[in-house]
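Readers should treat all values here as calculations from the given coordinates under stated rules, not as data from a laboratory. Bear in mind that the values here come from a model prediction, so they are computed numbers and not experimental data. For neighbour counting, all protein chains shown are included, and Cβ atoms are generated from backbone atoms with ideal geometry for every residue, glycine included.
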Amino acid sequence: MKFTIAKELLVEAFSKVEKPVKKTSSNPILHGFYFEITKEKLTVIGSDNDVTLRYEIPVDNDQIIVEETGKTVVPPSIKEMIKKVKTELLFSLEGHNLIITHGKKRKNEFKLITFNADEYPKLPILEEEKPTLQLKGNEFLSFLSKTGYAASTSETRPVLQGICLDVKEDCINLVATDSHRLGQIKLVGKNAANLRLIIPAKVIEENKKAFDLKMDVFIYCLNDRQVVFKNGDLLFYCRLLEGTYPDTSRLIPSEFTAEVKLDRKEFLDSFELVKGVSDQADSNSQGIVKIDIKDSVILSTFQAQTGSGKVEMEYESLEGDNEINIALSAKYMVQALKAMDDDYINFKYQGNMRPLILEPCESQHDEVQLILPVRSQ
């Protein structure tokens, strides 16, 4: 292996694949990055076995000049070292030693001990055929953000730690729930495949910055255990969650006693104000806020030992029951409002102990945020 490369290309490559690489991995070779140079491309891979990110940089004989091809696994220290370099770098592999030289006259030299690349876990072959599903990059991450926040973090029911991606001939439905709240979005359109995947929500959240939102995301289902997301020169291999995702459609009500139109940003700001007091009242964990709607919207919280808070705002319109009283988690409401984009939302009410529904007023897609209420003191 011997090649010269512009520093900026490597910094970008490591930023794309670095997230899964952890020193806690049980397999020592996964503590480093897989590095392979051919006459056509440089491939950099980071993995923890459950998640693998593979990024490819085409060789253009300008920013990458290849003298000898080869492959190795480099230690993670290389990432921070390269960030501090100001010139192009020359890499050469001598046995298990990777020699890195740089500087105006290449007088700066580093020698890193590498691992045998043949011992690095092999990735499944991705056939260059029609993908199972194709989404716009910004839509892909938007849909996951609108649902993934509601996934469970508890080990009690592992299947609820995922986002259920349900693809049918006429629509794509994404949903996540932890049994106390739910996020769902549906995209209507024709699809060639019927499938249901459970994607780990935490994995998507941790690695979403690797995606280029300007480029489409192609989804390949290799089998019932693994899915691959292709985004430009990035391949994201993800292990799926096993199990049967519950039928959440029956949780979403269709009839309501009242519907209130609210300014989402004002409602969010008001909730965040009173949330600070409610969290203090509940040992900084998950404070409860009461919502009372009649002539206006009043958000309030009270705890005899720590104090109280109240915020009042106007609504845009109210239809149906003109007296609404409900109590719920401030954290859940704030997260649901942040997951939405519209300027105005519909607050749909069916009783103080019945699920509360939030829907955008003008979204292009069928979006629902659901929160279960709690008993107020």
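One table, with the values for the structure above:
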{"read-out": "Residue-span extension gain [ASN223 to LYS104] - 0.36 nm each, minus C-alpha spacing", "value": "37.8 nm"}
{"read-out": "Most positive-pole-ward Cα, LEU268, SER300, SER92, against dipole of the chain from beta carbon charges", "value": "SER92"}
{"read-out": "Sites ASP341 and VAL85 - FRET efficiency at Förster radius 30 Å, r taken between beta-carbons, to 0.05", "value": "0.15"}
{"read-out": "Estimated vicinal HN-Hα couplings, Hz - segment 355-368 in sequence order (Karplus 6.51, -1.76, 1.60; Gly, Pro = x)", "value": "x, 9, 10, 10, 9, x, 6, 10, 5, 6, 10, 7, 10, 9"}
{"read-out": "THR244 paired with SER154, simple spin-label distance in nm, labels 7 Å along Cα-to-beta-carbon", "value": "2.1"}
{"read-out": "Distance in nm between pseudo-label sites at THR257 and SER179 (7 Å out along the Cβ direction from Cα)", "value": "2.7"}
{"read-out": "For peptides 67-77, 311-321, sequence by mean Cβ density within 10 Å, most packed first", "value": "67-77, 311-321"}
{"read-out": "Per-pair calculated FRET efficiency, R0 = 22 Å: LYS122 and GLU206 via Cβ, rounded to 0.05", "value": "0.40"}
{"read-out": "Cα-centre dipole for the chain with unit charges at Cβ (Lys and Arg positive, Asp and Glu negative), debye to 20", "value": "1520"}
{"read-out": "Ordering of 49-57, 83-91 by packing [mean C-beta count within 10 Å, highest first]", "value": "49-57, 83-91"}
{"read-out": "Neighbour-count order for ASP62, ASP224, fewest beta carbons within 10 angstrom listed first", "value": "ASP62, ASP224"}
{"read-out": "Listed residue pairs exceeding 28 Å between alpha carbons, taken from LYS122/LYS168; LYS83/LYS104; LYS22/LYS111; LYS265/LYS348; LYS202/LYS310; LYS208/LYS265", "value": "LYS122/LYS168; LYS202/LYS310"}
{"read-out": "Spacing of the two label points (7 Å from each Cα toward its C-beta) at CYS171 and ASN322, in nm", "value": "3.5"}
